[in-house]
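What follows is one structure encoded as structure tokens, with my remarks underneath.
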Amino acid sequence: MDIGDNRVNIDALLRLFTCPGCGNPANKPPLFQCVKGHVACSRCSVNCRGSCPTCRQRMTTERNYWMEEASTFITFPLQTGTDRNGMKH
Ligand SMILES: [Zn+2]
Ligand SMILES: [Zn+2]
């Protein structure tokens, strides 16, 4: 994907919005965060039984509204079929 504009590091942005628990785009609210501020998708927040997939500390029931809001205007290539990193599992 060449957008001809390097002001935004798309790869880094997409990595940021990739759920550390399941590897899927964490782009559907609600996005919950742990006590350290890591975000996991809503499914993993439930499945991990309260421990953050990133740091194993406690997940909170606080939603990260900043991430939720930002995720709504990002187009996730994984959803549209270009699965560069989505194959490993
Ligand atoms: Zn997840
Ligand atoms: Zn964490």
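The values are calculated or read from the model by the stated rules, or taken from the named source; none is laboratory data. In this text, all values refer to a predicted model and were calculated from it rather than measured experimentally. As a convention, Cβ positions derive from the backbone with ideal geometry for all residues, glycine included, and neighbour counts pool all protein chains shown.
Pull up the stretch 8-22, narrow it to residues that are crowded, with 16+ Cβ neighbours inside 10 Å and either under 21 Å from Phe73 (Cβ atoms) or out of contact with any helix residue (DSSP H, G or I) (no Cβ under 7 Å at 6 or more places or on another chain) (or both), then point me to the one that is modelled with the lowest pLDDT.
Among those that are crowded, with 16+ Cβ neighbours inside 10 Å and either under 21 Å from Phe73 (Cβ atoms) or out of contact with any helix residue (DSSP H, G or I) (no Cβ under 7 Å at 6 or more places or on another chain) (or both), it is Leu14.
How many residues does the stretch 23-41 contain that are outside any loop (DSSP other than H, G, I, E, B), in contact with a helix residue (DSSP H, G or I) (Cβ under 7 Å, 6 or more places away or on another chain) and at pLDDT 90 or above?
The number of residues fulfilling the criteria is 2.
Condition first: under 22 Å from Ile10 (Cα atoms), part of a loop (DSSP other than H, G, I, E, B), at pLDDT 90 or above and touching a Leu at 6+ places or on another chain (Cβ under 6 Å). Can you find one or more residues in the stretch 42-65 that meet it?
The answer is yes, given that some residue of the stretch 42-65 is under 22 Å from Ile10 (Cα atoms), part of a loop (DSSP other than H, G, I, E, B), at pLDDT 90 or above and touching a Leu at 6+ places or on another chain (Cβ under 6 Å).
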